[in-house]
Amino acid sequence: MDAAAPARLPDIEAIRGLMTGWIHRDSGNWAGLLELFHPDATIGVTWFSGLAREFVEGSRRMGESALRAKHLIADPVVTFTGDRAVVETNAMIVVENTDLDLGANTHNRFIDQVERRGGVWRIARRDSVYDFSTFAFPYGRVDIDTALARSFPREYAALAYLLVHSGFTVDHVFATRGSDLERSIRANAVRWLAQR
């Protein structure tokens, strides 16, 4: 721990609260979810890429569908420069479509650009990097369209399959472990951190 680390403990706790605040998405607290983000924040995940406030509205609509989601969030790794931080957080996304009796477990990492504005830390940009994904069969094996599943990168194929069959579009390629897109997200985050 460097000499400045103790002074950063309140900032680390505030940022940790942003990461674990993702529970608002799972519990349907849309106002709480929106509070995690700056007004101009952006987010890129399998089914959405754009402004965070539009993501929150899309999440609300998803919450009314047959697709249920749970996010398990690990402790973040935080790198500071002044009032900016890059935060990497392991997560596990558990989804189930109750109409299909089909689920998926996906391991990912959020790479966030977090900024303190007016004394308050919030997320300015969130990207997701997908590590691997598997299907889950809560009541026993069901048939899947293997060709559709294979049309997505293996690291998030099961998640994308569930999203598509639940009425949500997955029309971009997203970052996977060790991909050029992951390297680009990291490089952009480093540049953003240096611009403080």
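Since every read-out is calculated from the coordinates, none of them should be taken as a lab result. Note that the structure is predicted; figures quoted are calculated from it, not measured. Note: ideal-geometry Cβ built from the backbone for every residue, glycine included; neighbour counts use all protein chains shown.
Being assigned to a strand (DSSP E or B) and without any contact (Cβ under 8 Å) to a residue 24 or more places away in the chain is the filter; apply it to the stretch 59-87 and report the residue that is nearest to P138 (Cα to Cα).
Filtering the stretch 59-87 for residues that are assigned to a strand (DSSP E or B) and without any contact (Cβ under 8 Å) to a residue 24 or more places away in the chain, the one nearest to P138 (Cα to Cα) comes out as L72.
For the stretch 180-196, give me each residue that is touching a residue at least 40 places away in the same chain (Cβ under 8 Å) and either of a type in the set (D, E) or closer than 11 Å to D131 by Cα (or both).
E182
If you go through the stretch 156-171, how many residues are touching a residue at least 40 places away in the same chain (Cβ under 8 Å) and under 13 Å from Y130 (Cα atoms)?
Counting residues in the stretch 156-171 that are touching a residue at least 40 places away in the same chain (Cβ under 8 Å) and under 13 Å from Y130 (Cα atoms) gives 4.
Which pairs turn up if I take residues in the stretch 14-29 that are more than 16 Å from V86 (Cα to Cα) and look for partners that are small (G, A, S) and assigned to a helix (DSSP H, G or I) with beta carbon separation below 7 Å, at least 6 apart in sequence or on another chain?
Taking only residues 6 or more apart or on different chains, the pairs are G21/G32; H24/G32; R25/S59; G28/G63.
Quick one: which of D143, D171, D131 is in contact with a helix residue (DSSP H, G or I) (Cβ under 8 Å, 6 or more places away or on another chain) and at negative phi?
Of D143, D171, D131, the one residue that is in contact with a helix residue (DSSP H, G or I) (Cβ under 8 Å, 6 or more places away or on another chain) and at negative phi is D131.
Can you give me the number of residues within the stretch 83-99 that are closer than 24 Å to S65 by Cα, of a type outside the set (D, E, K, R) and crowded, with 17+ Cβ neighbours inside 10 Å?
The number of residues fulfilling the criteria is 4.
Can you pull out the helices (runs of 4 or more DSSP H) entirely within the stretch 139-196 that have at least 1 residues that are among the hydrophobic types (A, V, I, L, M, F, W, C) and exposed (fewer than 11 other Cβ atoms within 10 Å of the Cβ)?
The qualifying helices (runs of 4 or more DSSP H) are 146-150, 180-194.
Filter the stretch 24-54 down to the residues that are acidic (D, E) and not in a helix (DSSP H, G or I), then identify the one that is surrounded by the fewest Cβ atoms within 10 Å (Cβ to Cβ).
Taking the candidates together, the pick is D40.
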